[in-house]
2 protein chains.
Amino acid sequence: MTDAATAFVPGHITGFFSAHPDDDPTKAGSRGAGVALDSGVTVRLEPGDGVELNGESADIEAVDRVLGALRATARVVVETDLPVSAGFGVSGGAALGTALAANAVFDRGLSENELVTIAHGAEVQAGTGLGDVVAQARGGFPVRLEPGAPAHGAMDGIPAVRDIEYVTFGELSTADVLSDNTDELTAAGQRALSSLVAEPTVETFMEASRRFAREAGLLTPPVEEAIESVADADGEASMAMLGETVFALDGGLSAAGYDATQCAVCLPGAHL
Amino acid sequence: MTDAATAFVPGHITGFFSAHPDDDPTKAGSRGAGVALDSGVTVRLEPGDGVELNGESADIEAVDRVLGALRATARVVVETDLPVSAGFGVSGGAALGTALAANAVFDRGLSENELVTIAHGAEVQAGTGLGDVVAQARGGFPVRLEPGAPAHGAMDGIPAVRDIEYVTFGELSTADVLSDNTDELTAAGQRALSSLVAEPTVETFMEASRRFAREAGLLTPPVEEAIESVADADGEASMAMLGETVFALDGGLSAAGYDATQCAVCLPGAHL
């Protein structure tokens, strides 16, 4: 390793999803839809070892798995303004950013699909996500029509550009939710996807996401209250999967009196 | 129609390709690879009718076909700094931009894949391109692994960001080249794709593109001279398919003494 490299991966909020486990981590994944954010994860690879997240030593299993798959030894410096463990795809972003940067630094000569596959598989095996990586690789409002890495999955997108706001009340463990029985959640996610495919607009996405959060039983009192407050102020909000986080279109949360963070849709996917 | 809408579509240079005709325009297309440029095509839809290209009335069959497919009547105002009919995907960009803008203005509620499919089919039926539209929808260094619109085709990408220069010596008619016997061209394109898939780097892309241009018999004297001059100055250049245009990495053409236009890779695909 002679050089350093930096990759940027957009944050990603999932609005609804269904879980599709498989023994093959490149086939496992989720269907669903979300939005990529211009606030994201920056990953820098330097000589050394260990993983650092916002200046502190961290343990991100998906990152370790990516380094192992690429036979790479390096120090991985991850920086993000996004809340961690709150539904923004920080672990998936760290994994995908590590794959992109390691490929550049170690001249591994892999394609985008191959790097996305490695990062997706690492995230699935770590149990920390099922669909963020493929969505973060695409950008925009990604729709996951079929689960899995590029060779198996299928993606579409909602053709729209919007400002997004979010507020976070706490953490939810993706691993805990995914290790529970996900039958009901997955049935609700499939219904949400059907309605979005019938009319792939941002408004349908938000409505399907709200219905999903209710039906999947994931709402917490502060999340429910925030979504209702935004609706009362004629805005559109829903819950980020999986975090105790509410996201809204445009200035919806501010209009409802919340101290929200502003960002926008990120059109490019993950890149060096 | 009550509103106006504007879409941006990156320019796209194809480095090599193989032609894959099919009676179904959504299955027809090309395999190959290229680069999306941050210099592109802006398409604005306004009330009225007719198509305007850089301030002059124009006839772009692919645009008319997109409007027909979306049952849309509008004035289509296309603006671009790119040379027309010189291998930059201006007609594909106009078609895809029209699809994105018409979907927004007329609330057609179609997804990105559906809009790309309509624009790709329109471009194929007009005979003006086989692969620019799907590449322009993706951005970056798009690799077309399988021909056709999203439901049939398959894409990958080279994970790289580079500056690009180009110089144009004249026009080539895509329709004329594609209406000739393309067997030899397609065999050369398949060989080029195999070498790029084995090592998906920008350097392999440029080398495979140069070999393709030679083997397909498309080089003209000024194009050949420019590519050689860039190589003599330790740069990397090849020919844009299909135009009498040479493109180079970084400052390759300037270093060889050409008065070249600078741009960069466009990471986001086509968008509103």
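The values are calculated or read from the model by the stated rules, or taken from the named source; none is laboratory data. Since the model is a prediction, treat every value here as computed from it, not as a measurement. Here the Cβ positions follow ideal geometry from the backbone for every residue, glycine too, while neighbour counts run over all protein chains shown.
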**Prompt:** With A:ALA213, A:ALA248 as the choices, which residue is assigned to a helix (DSSP H, G or I) and of a type outside the set (S, T, N, Q)?
**Reply:** A:ALA213
**Message:** Residues that are surrounded by 18 or more Cβ atoms within 10 Å (Cβ to Cβ), within 14 Å of chain A (Cβ to nearest Cβ), more than 27 Å from B:THR42 (Cα to Cα) and of a type in the set (Gly, Ala, Ser): does region B:206-226 have at least one?
**Reply:** yes
**Asked** Can you name the number of the only condition in (1) within 14 Å of chain A (Cβ to nearest Cβ); (2) part of a helix (DSSP H, G or I) that B:PRO200 fails?
**Response** (2)
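Only one of A:SER39, A:SER18, A:SER57 is out of contact with any Pro (no Cβ under 9 Å at 6 or more places or on another chain), of a type in the set (Ser, Thr, Tyr) and either assigned to a strand (DSSP E or B) or surrounded by fewer than 24 Cβ atoms within 10 Å (Cβ to Cβ) (or both). Can you tell me which? Spell out the reasoning first.
Details: A:SER39 fails: out of contact with any Pro (no Cβ under 9 Å at 6 or more places or on another chain); A:SER18 fails: out of contact with any Pro (no Cβ under 9 Å at 6 or more places or on another chain).
After applying the criteria, what remains is A:SER57.
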**Request:** Identify the residue in region A:125-151 that is at pLDDT 95 or above, out of contact with any helix residue (DSSP H, G or I) (no Cβ under 7 Å at 6 or more places or on another chain) and more than 10 Å from chain B (Cβ to nearest Cβ) and, among all such residues, is surrounded by the most Cβ atoms within 10 Å (Cβ to Cβ).
**Result:** A:ALA135
**Index of the failed condition, A:GLY235 passing every other in (1) within 23 Å of A:GLY11 (Cα to Cα); (2) touching a residue at least 40 places away in the same chain (Cβ under 8 Å); (3) of a type in the set (Gly, Ala, Ser)** = (2)
**Message:** For region B:98-109: of the residues being within 7 Å of chain A (Cβ to nearest Cβ) and out of contact with any strand residue (DSSP E or B) (no Cβ under 6 Å at 6 or more places or on another chain), which is surrounded by the most Cβ atoms within 10 Å (Cβ to Cβ)?
**Reply:** B:ASN103
**Message:** Take the conditions of a type in the set (D, E, K, R), farther than 21 Å from B:ARG162 by Cα and in contact (Cβ under 8 Å) with a residue 12 or more places away in the chain and apply them to B:GLU215. Does it pass?
**Reply:** yes
**Request:** Taking A:ALA160 as the residue in question, decide whether it is of a type in the set (A, V, I, L, M, F, W, C), within 14 Å of chain B (Cβ to nearest Cβ), within 17 Å of A:GLY15 (Cβ to Cβ) and in contact (Cβ under 8 Å) with a residue 12 or more places away in the chain.
**Result:** yes
**Complete:** Within region B:185-197, residues being over 18 Å from the mean Cα position of the chain (by Cα), within 14 Å of chain A (Cβ to nearest Cβ) and aliphatic (A, V, I, L, M) number 2
**Prompt:** In region A:64-97, which residues are among the polar types (S, T, N, Q) and either over 23 Å from A:ALA33 (Cβ atoms) or buried (at least 24 other Cβ atoms within 10 Å of the Cβ) (or both)?
**Reply:** A:THR73, A:SER91
